[in-house]
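Contents: one structure, followed by commentary.
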Amino acid sequence: MTDQAEGYTTADGRKIGGVVMEMKNITLRFGGVVAIHNISFDIREGEIRAIIGPNGAGKSSMLNVISGFYTPSEGEVWYKGAKRPPMKPYEVARQGVARTFQNIALFEGMSVLDNVMTGRLTHMKAGILPQMIWKGRAEAEETENRIIAERVIDFLEIQHIRKTPVARLPYGLKKRVELARALAAEPTILLLDEPMAGMNVEEKEDMCRFILDVNDEFGTTIALIEHDMGVVMDLSDRVVVMDYGKKIGDGSPDEVRNNQDVIDAYLGVQH
Amino acid sequence: MLHDIFIAPFQDMFSAPDFLLQVLWEGLVSGILYALIALGFVLIFRSSRIFNFAQGIMVVFAALTLVGLHAMGVPAWICVLLTLGVMFVLAMAIERVVLRPLVGQPDIILFMATIGITLFLIGFGEIIFGGENKVMITEELGIPTGSWTLEPFGGLLILEQKDVTAVVVAALLVIGLLVFLSRTQMGRAIRALGDDSQAALSVGISLHTIWVLVWFIAGIIALVTGIAWGARAGVSFALEVIAYKALPVLMLGGLESIAGAIIGGLMIGLLEKLFEIYWGQPLMGGNTETWFAFVLALLVLLFRPQGLFGEKIIERV
Amino acid sequence: MKHFTKMALAATVAAGLCTSAAADIYAPNLSYRTGPFAATGIPLMNGQKDYFTMINERDGGIGGVKIEFDECETGYSTEKGVECYEKTKGRAVVTQPWSTGITLQVLPKTNVDMIPILAPGYGFSPMADGKVFQWAFNAPGSYWDAASMILKFISQDNLDNLKGKKIAFLHLDHPFGKEPLPFLEAKAAQHGFELLPIPVGLKEMQNQSAQWLQIRRERPDYVIMWGWGAMNAGAITEAVKTKFPMENFIGTWWSGHDADLKIVGEDGKGYKSISFSRPMLDAAIQADIKKYVVDAGKSQSNPEEMSGVFYNRGLVISMILAEGIKAAQDHFKVGEINAEQLRWGLENLNVTEERLAELGMTGMVAPFKTSCSDHTGHSGGWVLEWDGKAFVEASDHLTPDSASIQPLEVEKAAEYAAANAPWPINEECK
Amino acid sequence: MLYRTAGQYKTSYASDQAVFPVRQDAILLGIILLLAWVIFPLTASEFTFQTLLIPILIYSLAALGLNVLTGYAGQLSLGTAAFMGVGAYACYKMVTLMPWLNPLVAILLSGAFSAGIGVAFGIPSLRIKGFYLAIATLAAQFFLVWLFEKWGWLYNYNSSGAIQVPNLTMFGVYVAGPQASTIVQYYVVLVVVSLLTWVTINLTRGTLGRTWKATRDMDFAAELIGINLMRSKLTAFAISSYIVGVAGALFVFMWRGAAEPNLFDIPLSFRILFIAIIGGLGSIMGNYLGAILIVGLPVMLNTVPEALGIHIDSATVEHLNIMIVGSLIIFFLIIEPHGLARLWALIREKLVIWPFPH
């Protein structure tokens, strides 16, 4: 691999920066069950990082550790060069980590626009009084953030359903709205939990394009979990492979593809 | 002050153990009745995810029907059968008119619907049976009305025979119910529904049949509760309020646990009586039974959100 | 358009009804035939209603004017009661609120709306002070009267006999139940007996095991009960259960309902209740009620209920209102009296032995008279005892200790007026 | 044609964010306000004020408070009446301890007390969810009512245990107590209700509203996108309880005139819950529609048959009323679980495209 401090240049010539997040010897237990066993890896600025593995490998648990939903039993999470103290998930989100969910977790009772606007909540600072009278900061903020939300909506091509309640949308669009909500937060790291699960080929292609565009346009660092090997290999810059809670491979798609452990554990069984 | 809270009540208990026994007995009898109502809730919740607020009014309605039929000159035991018939028709009507059109709605909607049923039955019952207090046909049903006076520790312990009967009948009912749930195909279907509705359907019994059945069983429980409680203090719409006591029982025991309902009911019956007699009345002006059970359940849930009998919940995304 | 015509027609019909009704005296009753208190309410309401039906049928009303006796259902709910008050006050000459809670609520409004409240035997005891409560009447007796007579009875007319005794006061946790507390507390302090108030919550009425365990533990010499609705039956069954000596258990006049005692039957033998009224089944009025109301199919009651204490008390209560109307008619020389005139009538009631005989109600209530300063009349009453089947008389005519009640009435009335300032006082009344 | 929206273009986000983006809605609101502020006061009788107008406004406000908690933040509460009680008793204590206090200020301050207690009883919501939380709110319901009965200081050791509203003046006019005229009380209620409704509209359409709705719809997702659930739930409890408390103070001071503890018992809680649900959870207007129905129905049942010359026994009317309310609840839940507000929205949608179906 490449040198640790300075980053590397990808095959298509993109410049990848230093480490934004580093997982150091993470172990996660539920009662007696060990979901993650002593895993370490890093995520670099601007890259697309994938975590793959068969069912029950602990990928989702790992994503939950990154987003702060689970606190690791052992090990440390380093973020932007500092050790992350134990914190609530919302504090992690406010540090710039946004995510989507494997089983869509949109706010079904709200419109698409409102859902995207919830992504902006971490940036809204108006006190309760101005909110009550809809004046001053509250009113200004509403418009400023609306502009950002609308930009994301335009970017993901969902303008036409802006005012539709999300409950009425088809699956593929819901996935896209969820991505919009996460993007609206303008995150440092964007976590995608199986962004293409349950999609048809066309929808998958769309989603791929959006992920690459996001990375390209906004320079957002992306970490994703995905089942679909083909897609992952095309998309990502580096891949972590997990099996039974352990890390069995880490490197560029090509390196991983040729790793014998990975072939045995995952690729061989999967297809 | 500390003495009054931590020492005096226990001194009281030990200085008059016969009285303590009486308190525990009274608590046990109320506890049994709370448990019965809670059981009705649990059965319905397990099979249809409905938090049935109408369980309390069903108790009143069953008891009123029984007494009302008897007032019309029908022999007591025929009344019981006819009342069971009425409860069955009620179960069918509720399934048909209320539940079926509301399938798949959010929990809170179904909960509200049962409040609607409650109001309807209050109005309907009062039009048919009138609002006045009625006497439960205790003797006619062959329930003994005397009392046994025991003298433990040289004191006095009064056991009402109808309370003893209530305890025995309740125990039999619970045993019968458990046998039904574990030994019959229907029963297994109901239990399975609590865990997985697909599994239940695979037994080959339609959901609608199961619902009617479950509401009918809840009706039977209501009738037994109504007879037992009515024998204590007459039958009137004021009975409805005892249904509220089943709610903290559900919090402690869990909405889906049959064992939880029974143990929770007994616990609350005993503890609220002990608290009222030894702490509530001397220190707080009495009447603490209105809230004690709720506050207790709340405190327990604060420290064990899964309830007393639930397993620790692991949240997943 | 067709629809509209229909509506207009209905409106005209309704208007027509109203104008024809205006020739009557409108005396609404805030009744409760529903809810947890219906059991005790229904016989009273039936008695009240039957009395006026009889008056209308037999005499064509009072002074030639029919009485429109109408019920507005409250379910003993204060909220509904106020709604009924607002609804009826436009035409009504009187408010019969039928619950201490509703009485307290409408009490200040009557001063502004100028409608008399008639609350026979209930409501706020200081209403006796007619100078302060110009519009409120609780003849023939207040709760403090009842409490006073009970104490007199159990002490054999000498309250000092109660010294060192313990009296439990089992009461509904509601304005009604708390009403006699100030009087009882004053007496306890004065005569050296211990008063143990035991409240029964509205939700605990039917399950009083905690209260009766307390009674068993405290071993009071007497239990005085201020119960209503389902609470009475609950208390009496528990008393039987805990083997509390029935002869030491005595209730207020709203705790003496036959049906409540029938639940325990023989076991309730010895239970007593104070009463300002007595059922007199051979009184002349009974025949008229039967003839004009029951036989005409206009009664909602039944023979069993009609022989009971509460139904007959209902008759007495309506008689008091009827006498007030008559007094006003005689004084103002008009048939259709208004609310203000009725106020005068109620303030000048004079129910004598002779008058009771004329009415065919001899012995059903003791004679009493009201005045501008005394809105209660303090008729006194009797102790009724349950003999296993019915209530029978167990004492001579008792009178309350007015000498000690009156100062307390004046004091509490003044407190009330101060708290509700500005409050008009009838200065003319001496 | 009435509701044609064609031709109404939005040129800025601010105008799109307005409360009524469609002009006809604004006109409709104008008509309603005109009715409430001018026409009703000029025409209504004392009876109408006392049995319809004032209670409808007060019940709407209480339901609005509950709706913030249950409809917007998704926390089911069965203890609304107890928090109304806190507001009423707080107001009573304030005006009796500080008779110089402006009654309107006292009413608005009394909500602060119920907000405080609401937050205390809201803390369990951080650990307990769904029906368990609903039952937990019953702990507040029963405990507080018990406290109103037992704590003599609250009712100034009044022998009856009830609180009686004294005569209170504001700028020389009686606004509360027996001397106050109904129309003055109506305007006080209207001012407070309008003010709080406006504030609630602003809160629910902005940042806080989205925070609550996110908490309601999917709490874990809300937390993972950066919402502090504790703050979200507790602000909902605080603001809801504040509104409910003010409604309670109005209830006693502007309408009932006196109150005993059991007034704030569970039937009142349920009535407010009915209003909120029949009106529509998560809607502002629904509270008013629900209150009109629930308050108006018994009055209608009592007066309409009589006006038509049909005499129904008053007890029977009461029984029928209970039955009808019960049936209506079931009926509306089946027809439109989202309440009258949604029903109106559907009608409006139809009207927008009427008379052309596309």
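We did not get these values from a lab; they are worked out from the coordinates using the rules stated. Everything numeric here is computed off the predicted structure, so don't read it as measured data. Every residue, glycine among them, receives a Cβ derived from its backbone with ideal geometry; neighbour counts consider all protein chains shown.
Loop sites by DSSP among the GluC sites (Glu not before Pro) of chain B, restricted to those with at most 14 other Cβ atoms within 10 angstrom, leave B:1-310 as the longest stretch without any of them. Can you list which of the DSSP-assigned H helices in chain D have a Cα extent of 20 Å or more along the long axis and an average Kyte-Doolittle score of at least 0.0? Answer set is D:80-97, D:103-122, D:130-150, D:182-205, D:229-250, D:285-307, D:314-335, D:339-353. Considering only B:PHE53, B:THR209, B:GLY125, and ranking their Cα positions along the charge dipole of segment B:17-303 that arises from unit charges at the beta-carbon of Lys, Arg, Asp and Glu, the one farthest toward the positive end is B:THR209. To test your reading of the geometry: what angle, between 0 and 90 degrees and rounded to tens, separates the Cα axis of helix A:201-218 from the longest principal axis of chain A? The angle comes out near 80 degrees. Of A:LYS135/A:LYS174; C:LYS262/C:LYS369; C:LYS152/C:LYS203; B:LYS162/B:LYS273, which pairs sit farther than 28 Å apart, going by alpha carbon to alpha carbon? Pairs exceeding 28 Å: A:LYS135/A:LYS174; C:LYS262/C:LYS369; C:LYS152/C:LYS203. By the count of neighbouring beta-carbon atoms within 10 Å, fewest first, C:ASP330, B:ASP107, A:ASP206 end up ordered C:ASP330, B:ASP107, A:ASP206.
With charges only on Cβ, +1 for K and R and -1 for D and E, what is the dipole size of the protein assembly as shown about its Cα centre, in debye, rounded to 20? Let's see the in-between values first.
Details: 105 positive and 129 negative charges, 415 e Å.
Approximately 2000 debye in magnitude.
Compute the distance from the alpha-carbon center of segment C:202-280 to that of segment B:291-307, in whole Å. Value for the Cα centre distance between the two parts: 35 Å.
Across peptide D:138-148, the mean count of Cβ atoms from other chains lying within 10 Å of each residue's own Cβ comes to 6. Ignoring everything except DSSP H segments at least 4 long, calculate the 222 nm mean residue ellipticity for chain D; use -39,500 (n - 2.57) per segment, divide by total residues, nearest 500. That comes out to -21000 deg cm²/dmol. With a ≥ b ≥ c taken as the square roots of the eigenvalues of the C-alpha gyration tensor of the protein assembly as shown, please select rounded if a/c is under 1.5 and otherwise prolate if a/b is larger than b/c or oblate if it is not? Prolate, because a/c is 1.5 or more and a/b exceeds b/c. Across segment B:17-303, the relative contact order, built from alpha-carbon pairs under 8 Å that are at least six residues apart, equals 38 percent. Using alpha-carbon positions, what is the distance between the centroids of segment D:304-325 and segment D:72-112, in Å? Measuring centre to centre over Cα atoms gives 35 Å. Helix B:207-233 versus the longest principal axis of chain B: what is the Cα-based angle in degrees, 0 to 90, to the nearest 10? Between the helix axis and the principal axis of chain B, the angle is about 30 degrees. Take each residue in A:130-137, count the other chain C-beta atoms within 10 Å of its C-beta, and the mean is 5.
Using a simple spin-label model with pseudo-atoms 7 Å out from Cα toward Cβ, D:VAL304 and A:GLU91 lie 5.9 nm apart.
Centre-to-centre separation between the Cα atoms of segment D:207-280 and those of segment B:126-195: 40 Å. Note on chain D: with charges restricted to the Cβ of Lys and Arg (+1) and Asp and Glu (-1), its dipole about the Cα centre is near 940 debye.
So, by mean Cβ neighbours within 10 angstrom, what's the order for D:236-248, C:351-363 with the highest one leading?
D:236-248, C:351-363
Taking the helices alone, chain A has a mean residue ellipticity at 222 nm of -9500 deg cm²/dmol, built from -39,500 (n - 2.57) per DSSP H run of at least 4 residues and averaged over all its residues. With helices as the sole contributors, chain C gives -13500 deg cm²/dmol at 222 nm; each DSSP H run of n ≥ 4 counts as -39500 (n - 2.57), and the sum is divided by every residue.
Highest-first packing order for the peptide set B:290-300, C:115-125, D:66-76, D:168-178 is D:66-76, C:115-125, B:290-300, D:168-178, based on the mean count of other beta carbon atoms within 10 Å. Provide the FRET efficiency to the nearest 0.05 for the C:ASN161-C:GLU185 pair, computing r from the beta carbons and using R0 = 30 Å. Result of the calculation: an efficiency of 0.95. Contact order, relative form, for segment D:46-353: 33 percent (alpha carbon pairs under 8 Å, 6 or more residues apart, mean separation divided by residue count). Need one number: % antiparallel among DSSP beta bridges in the protein assembly as shown, to the nearest 5. In the protein assembly as shown, approximately 55 percent of DSSP beta bridges are antiparallel ones.
Classify segment A:201-243 as rounded, prolate or oblate, taking a ≥ b ≥ c as the square roots of the eigenvalues of its Cα gyration tensor: rounded when a/c is under 1.5, otherwise prolate if a/b is larger than b/c and oblate if not. The partial results should precede the final answer.
Details: a/c = 2.50, a/b = 1.20, b/c = 2.08.
Oblate, because a/c is 1.5 or more while a/b does not exceed b/c.
As a proxy for reagent exposure, ranking D:TRP146, D:TRP198, C:TRP386, B:TRP148 by other Cβ atoms within 10 Å from fewest up yields B:TRP148, D:TRP198, D:TRP146, C:TRP386. Note on B:ILE175/A:PHE30: beta-carbon distance plugged into 1/(1 + (r/R0)^6) with R0 of 45 Å gives a FRET efficiency of 0.75. Remark: relative contact order (chain C) = 20 percent; criterion is Cα-Cα distance under 8 angstrom and separation of 6 or more residues. Between the listed residues A:ILE222, D:LEU195, B:TYR278, the Cα displaced farthest toward the positive end of the dipole of the protein assembly as shown, a dipole computed from Cβ unit charges relative to the Cα centre, is found at A:ILE222.
The calculated FRET efficiency for B:LEU81 paired with C:ALA419, based on their beta-carbon distance and R0 = 60 Å, is about 0.50.
Selection among B:LEU302, C:ALA128, A:LEU169 by position relative to the dipole of the protein assembly as shown gives A:LEU169 as farthest towards the positive end (Cβ unit charges, Cα centre).
Taken about its Cα centre, chain B carries a charge dipole of roughly 1040 debye when the Cβ of each Lys and Arg holds +1 and the Cβ of each Asp and Glu holds -1. Compared with the dominant principal axis of the Cα atoms in chain B, helix B:107-129 is inclined by about 80°. For the pair D:LEU104 and D:LEU297 in one chain, pulling the backbone fully straight at 0.36 nm per residue adds 66.4 nm over the alpha carbon distance. Here the Gaussian network model covers chain C, with springs between Cα atoms less than 10 Å apart; of C:HIS378, C:HIS191, C:HIS257, C:HIS191 fluctuates the most.
Answer rounded, prolate or oblate for chain A, using the Cα gyration tensor with square roots of eigenvalues a ≥ b ≥ c: rounded when a/c is under 1.5, else prolate when a/b is larger than b/c, else oblate. Judged from the Cα gyration tensor, chain A comes out prolate (a/c at least 1.5, a/b above b/c).
Ordered by the number of other Cβ atoms lying within 10 Å of each residue's own Cβ, fewest first, A:SER73, C:SER99 fall into the sequence A:SER73, C:SER99.
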